[in-house]
Amino acid sequence: MRFIRSPKWVRLFFYSALWKEKQDAKTLFLTFDDGPTPRTKEILNLLEAYRAKATFFCVGANVEKYAAEFQEIIDAGHDVGNHSFSHPHGWKVSKKHYLDDVEKAQKLVKSRLFRPPYGKMTWLQYRSLRKKYRIVMWSHLSYDFDPSMNLEDFLHQLQRDFKGGEIVVLHDNLKYFDRSMEALKAILSWSREQGVVCSALLSN
């Protein structure tokens, strides 16, 4: 089952995670998972054109490989978060493996924000990580990674639900980069029309 908007029962399970920010009615929080990549600069250029900020949840292995692109994110005034080192599925690995992977990434990313890959982790993993990190989930998932999903459905849902403080997930991933950019352009255009500020989450 696919949920564009995060279901209430899921939010209750990870009750102390951040699903939505408490902000005024004109703020939207853009987040990007999986980067950096050789095309990260294209995202940064588009954000700059709209004077928008975002939070990039980075995979440690990609930070190692694309260190210059990672630094460009920071230099452009965006925030970064930990998205693990090797993008493990929390339900399929041990607690120790998962925590070690996150800490390996932390040496590179150095952020108190963490988003679990696939949005999946066990209760024991979650309980350990929340002691050190601000665990960030989302209110709306763009499904930019799924070509069978119509991006218009996501955009209509976001616009219909929008009350301020929503956290949107997009991806900085070469596999579906063009779809991600299509969704980002639509969000930024709508935000400008509505006077909505696209902002980064605060890591401190």
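The values are calculated or read from the model by the stated rules, or taken from the named source; none is laboratory data. Note that the coordinates shown come from a computational prediction; the quantities given were computed from them, not determined experimentally. Cβ atoms come from the backbone with ideal geometry, glycine included; neighbour counts cover every protein chain shown. What goes into the accessible areas is simple: the full protein's heavy atoms, side chains included, and nothing from ligands, DNA or RNA. Shrake-Rupley method; radii C 1.70, N 1.55, O 1.52, S 1.80 Å.
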Just for the Cα atoms in segment 1-153, what are the lengths along the principal axes, largest first, rounded to whole Å?
42, 35, 34
Estimated dipole of segment 73-172 in Debye, rounded to 20 [Cβ of Lys and Arg +1, of Asp and Glu -1, Cα centre]
900 debye
Relative intensity, log₁₀ I(q)/I(0), of segment 109-177 from a Debye sum that treats every alpha carbon as a point, q = 0.13, 0.14, 0.17, 0.25 Å⁻¹
-0.49, -0.57, -0.79, -1.14
At 1.4 Å probe size, put H140, H97 in order of accessible surface, largest to smallest.
H97, H140
So what J values fall out for segment 114-129 if you push phi through Karplus, 6.51 cos²θ - 1.76 cosθ + 1.60 with θ = phi - 60°, rounded to Hz, Gly and Pro as x?
9, 10, x, x, 6, x, 10, 7, 7, 4, 5, 5, 4, 4, 6, 5
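Of all the accessible heavy-atom surface of segment 6-125, with the other protein chains kept in place and a 1.4 Å probe, what percent is carbon and sulfur? Can you show the working numbers first?
On the way: 3270 of 5930 Å².
That share works out to 55 percent.
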Segment 140-194, Kirkwood Rh and Cα Rg, ratio Rg/Rh at 0.95
Cα-Cα over 20 Å: which of K95/K175; K22/K95; K41/K104; K41/K65?
K95/K175; K22/K95; K41/K104
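Please give the peptides 177-185, 55-63 ranked by average Cβ packing (other Cβ atoms within 10 Å per residue), highest first, as a rough proxy for protection.
Values: 177-185: 18.4, 55-63: 25.0.
Result, highest mean Cβ count within 10 Å first: 55-63, 177-185.
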Once amide hydrogens are built 1.01 Å from N within the peptide plane, the residues lying 5 or more places from F56 or on another chain with amide H under 5 Å from its amide H are F32, D79, V80, G81
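Can you tell me which of 98-111, 12-25 comes out highest on packing, and rank the rest after it, using the mean Cβ neighbours within 10 Å? Walk me through the numbers on the way to the answer.
Values: 98-111: 19.0, 12-25: 13.4.
Top to bottom by mean Cβ count within 10 Å: 98-111, 12-25.
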Segment 71-119 - Rg (one decimal) and Dmax (whole number), Cα, Å
11.7, 37
Restricting to Cα pairs below 8 Å that are 6+ residues apart, what does the relative contact order work out to for segment 81-204? Please round to a whole percent.
22 percent
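Using a Förster distance of 35 Å, how high is the FRET efficiency between W190 and K8, based on the Cβ-Cβ distance and rounded to 0.05?
Details: r = 25 Å, r/R0 = 0.72.
Approximately 0.90, to the nearest 0.05.
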Is any residue of segment 94-117 close enough, with backbone N under 13 Å, to a label point placed 7 angstrom from the Cα of R127 along the Cα-Cβ axis, and if so, which?
95
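Roll a 1.4 Å probe over the protein chains and send me the accessible area per residue for the chain in Å². Each step should come with its number before you reach the end.
Values: 10110 Å² over 204 residues.
Dividing the accessible area of the chain by its residue count gives 50 Å².
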Taking a label point 7 Å from the Cα of A61 along Cα-to-Cβ, the residues of segment 157-180 whose backbone nitrogen sits under 17 Å from it are 172-176
Cα point-scatterer Debye curve for segment 1-68, base-10 log of I(q)/I(0) at q = 0.22, 0.23, 0.24 Å⁻¹
-1.06, -1.08, -1.10
Out of residues 5 or more away from T27 or on other chains, whose amide H comes under 5 Å of its own, with H placed 1.01 Å from N in the peptide plane?
G165, V197
Spin-label pair E42/E152, simplified geometry with 7 Å Cα→Cβ offset, distance in nm
2.3 nm
J(HN,Hα) series, segment 50-59, from Karplus relation 6.51 cos²θ - 1.76 cosθ + 1.60, nearest Hz, glycine and proline x:
9, 6, 10, 10, 8, 10, 9, 8, 9, 7
Derived scalar couplings ³J(HN,Hα) [segment 74-81; Karplus, 6.51 cos²θ - 1.76 cosθ + 1.60; whole Hz; x for Gly, Pro]:
5, 4, 7, x, 8, 9, 10, x
Going highest first, how would you order 74-87, 30-43 by mean Cβ packing within 10 Å?
30-43, 74-87
